[in-house]
């Protein structure tokens with residue numbers, strides 16, 4: 001109810017804004033502090049003033065982004081004015097930027113219509129000392145930070161979802177239509193590029209893109225024209241495009257056309273529930289708005305953010321996720337009680353326990369059995385034995401988080417040759433599988449590094465040694481995390497020491513971290529749950545809160561160490577999602593569906609105090 005009231009208030013403010021092209025929606029000013037203890041910042045003229053300028057003020061995507069921004073504004077005691085134009089128009093957006101500068105705003109948070117259209121105005125704003133932060137879609141002007149979706153990767157996911165649905169219906173060729181906003185908006189251009197990439201090597205034909213300017217009515221007309229041409233699928237690149245696509249399919253009464261889109265609104269969700277759209281790629285605009293305000297305030301207060309780019313993630317929202325009638329290939333009961341073996345790196349870390357919980361919940365839903373047969377410690381020989389036992393035990397599929405890319409490859413090859421379906425969760429091996437569900441570990445590692453740099457620089461530390469505790473030199477997921485972490489420090493004054501390996505054991509990792517601390521490091525990074533717990537315990541034992549500890553995975557121990565200030569943050573994966581999606585993929589493969597070796601990113605969040 002609160003959300004609906006806030007949305008109504010936002011709409012009232014936007015109606016007033018429409019009279020002048022660029023409106024304002026002031027946040028309530030409070031003396032609240034953030035959960036990390038940041039004091040409410042002020043300028044010589046009173047509260048920090050931030051202008052939020054999105055592409056328009058109508059789409060629910062931007063309304064939700066504003067809600068997240070207003071939440072952060074209330075926490076930090078600053079003012080955020082939502083001054084977006086009432087329609088997507090370069091001239092109006094430029095006017096909004098100029099009005100913000102003239103109005104003495106300290107920062108502008110902007111979702112640019114295109115990479116170049118408002119660049120001159122933003123450069124003038126920057127030259128006047130106004131801090132620039134991008135949300136959703138950047139321009140070609142340097143900014144303090146950018147918070148957006150990896151649109152190309154999300155577009156590819158949208159394409160893969162469409163292909164899966166078409167093939168499940170026995171459709172392996174045909175024309176596909178794309179409804180985009182325009183040819184300049186970077187976020188939507190990237191979505192289209194990723195979507196087209198998914199169809200490379202298939203027999204489907206992607207028609208020439210049509211542009212509806214994000215308007216639902218225009219997009220519906222375009223989609224209706226596609227339908228008269230006999231398309232088998234239509235992709236909408238934003239909220240208006242998707243709504244128009246779904247409405248066209250609904251009006252045509254042709255449930256065989258697969259509609260896939262972007263963004264999440266009440267209209268889109270209802271179209272999915274009614275079966276007029278297969279799914280939508282749901283971004284996190286509230287996170288963009290919230291983090292955008294935090295970054296703007298930090299920049300106004302003199303903190304250097306280094307132009308970092310943060311992926312705020314995306315989820316596939318389908319009928320099953322909304323509680324509607326799921327498609328036959330998504331969540332329907334299995335034809336028999338298939339036997340699936342779940343083999344993770346060990347059976348102790350809470351990460352794997354949570355992954356198993358997700359797998360068991362999905363197994364119960366689908367009417368299959370999942371046996372958690374992981375070794376009690378990380379050991380290649382034991383993991384190979386588990387794989388061999390699964391084959392000998394007549395299991396139909398194996399879900400596995402491989403210790404390394406090659407260590408258990410021979411055993412997996414033998415299992416595959418015996419007709420056992422292979423699905424990877426968390427960490428793959430170098431053996432072809434039906435599907436992989438894991439975190440983009442390199443990107444998440446880079447985020448971990450950026451978080452450490454921010455904390456160190458905020459404390460006035462711009463150089464020093466950094467220690468890394470990894471599991472081993474072979475586990476692909478952890479190797480990628482380390483690689484991403486190291487990349488974040490390129491070009492800085494910090495020195496990354498030689499990595500030490502604790503095999504994911506908390507006690508061994510604590511000893512390693514304690515040795516790092518005696519060497520005078522300014523930060524320690526743990527690459528998995530055990531490594532992170534050990535790092536936090538060492539910092540706690542050393543009584544030195546100035547050492548910045550950053551890690552991976554979420555457990556009660558890690559959360560307590562963060563709450564107590566012994567760790568700055570952790571990169572929280574979604575192991576329950578890996579387990580659930582892994583079981584569903586196993587069942588689909590066993591039921592004869594071709595998954596094409598799809599690799600899906602199950603996302604990560606930065607958890608702080």
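Close contacts from region 180-195, counting a first residue that is closer than 13 Å to residue 139 by Cβ and a second that is surrounded by fewer than 20 Cβ atoms within 10 Å (Cβ to Cβ), with Cβ to Cβ under 6 Å and a gap of 6+ residues or different chains, come to 186/115.
When residues in region 446-474 are screened for being free of Cβ contacts under 8 Å to residues at least 60 places away in the same chain and over 13 Å from residue 521 (Cα atoms), 3 of them pass.
Of the strands (runs of 3 or more DSSP E) lying entirely inside region 545-609, the ones with 3 or more residues being surrounded by 21 or more Cβ atoms within 10 Å (Cβ to Cβ) are found at 548-552, 569-572.
Yes/no per residue for (1) part of a helix (DSSP H, G or I); (2) in contact with a strand residue (DSSP E or B) (Cβ under 6 Å, 6 or more places away or on another chain):
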{"position": "161", "(1), (2)": "yes, yes"}
{"position": "167", "(1), (2)": "yes, no"}
{"position": "176", "(1), (2)": "no, yes"}
{"position": "190", "(1), (2)": "yes, no"}
{"position": "196", "(1), (2)": "yes, yes"}
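Is it the case that region 188-195 has a residue that's closer than 24 Å to residue 588 by Cα and crowded, with 24+ Cβ neighbours inside 10 Å? Yes, region 188-195 contains a residue that is closer than 24 Å to residue 588 by Cα and crowded, with 24+ Cβ neighbours inside 10 Å. Residue 90 satisfies every condition listed in (1) at pLDDT 90 or above; (2) under 18 Å from residue 297 (Cα atoms) except (2). Of the numbered criteria (1) closer than 25 Å to residue 311 by Cα; (2) part of a helix (DSSP H, G or I); (3) in contact with a strand residue (DSSP E or B) (Cβ under 6 Å, 6 or more places away or on another chain), the one residue 223 fails is (1). Taking the criterion of being touching a residue at least 40 places away in the same chain (Cβ under 8 Å) and on the phi < 0 side of the Ramachandran plot, the only residue of region 491-504 that qualifies is 494. Per this entry, residue 233 is counted among residues that are buried (at least 20 other Cβ atoms within 10 Å of the Cβ), over 18 Å from the mean Cα position of the chain (by Cα) and in contact (Cβ under 8 Å) with a residue 40 or more places away in the chain. Can you find a residue that is under 28 Å from the mean Cα position of the chain (by Cα), modelled with pLDDT under 90 and within 26 Å of residue 180 (Cβ to Cβ) anywhere in region 94-111? Checked region 94-111: no residue is under 28 Å from the mean Cα position of the chain (by Cα), modelled with pLDDT under 90 and within 26 Å of residue 180 (Cβ to Cβ). Among the residues of region 326-335, is there at least one that is under 24 Å from the mean Cα position of the chain (by Cα), modelled with pLDDT under 95 and over 30 Å from residue 571 (Cα atoms)? Yes. Of the numbered criteria (1) at pLDDT below 80; (2) farther than 25 Å from residue 443 by Cα, the one residue 301 fails is (1). Residue 125 satisfies every condition listed in (1) in contact with a strand residue (DSSP E or B) (Cβ under 7 Å, 6 or more places away or on another chain); (2) in the same structural domain as residue 296 (by TED's automatic domain parsing); (3) in a helix (DSSP H, G or I); (4) surrounded by fewer than 22 Cβ atoms within 10 Å (Cβ to Cβ) except (4). Of the residues making up region 374-398, those that are part of a loop (DSSP other than H, G, I, E, B) and surrounded by fewer than 19 Cβ atoms within 10 Å (Cβ to Cβ) are 376, 377, 379, 393, 394. Among the residues of region 278-298, those identified as assigned to a strand (DSSP E or B) and buried (at least 24 other Cβ atoms within 10 Å of the Cβ) are 279, 280, 281.
The values are calculated or read from the model by the stated rules, or taken from the named source; none is laboratory data. Computed from a predicted model, the values in this text were never measured in an experiment. Neighbour counts are summed over all protein chains in view; Cβ atoms, including those assigned to glycine, are modelled from backbone coordinates with ideal geometry.
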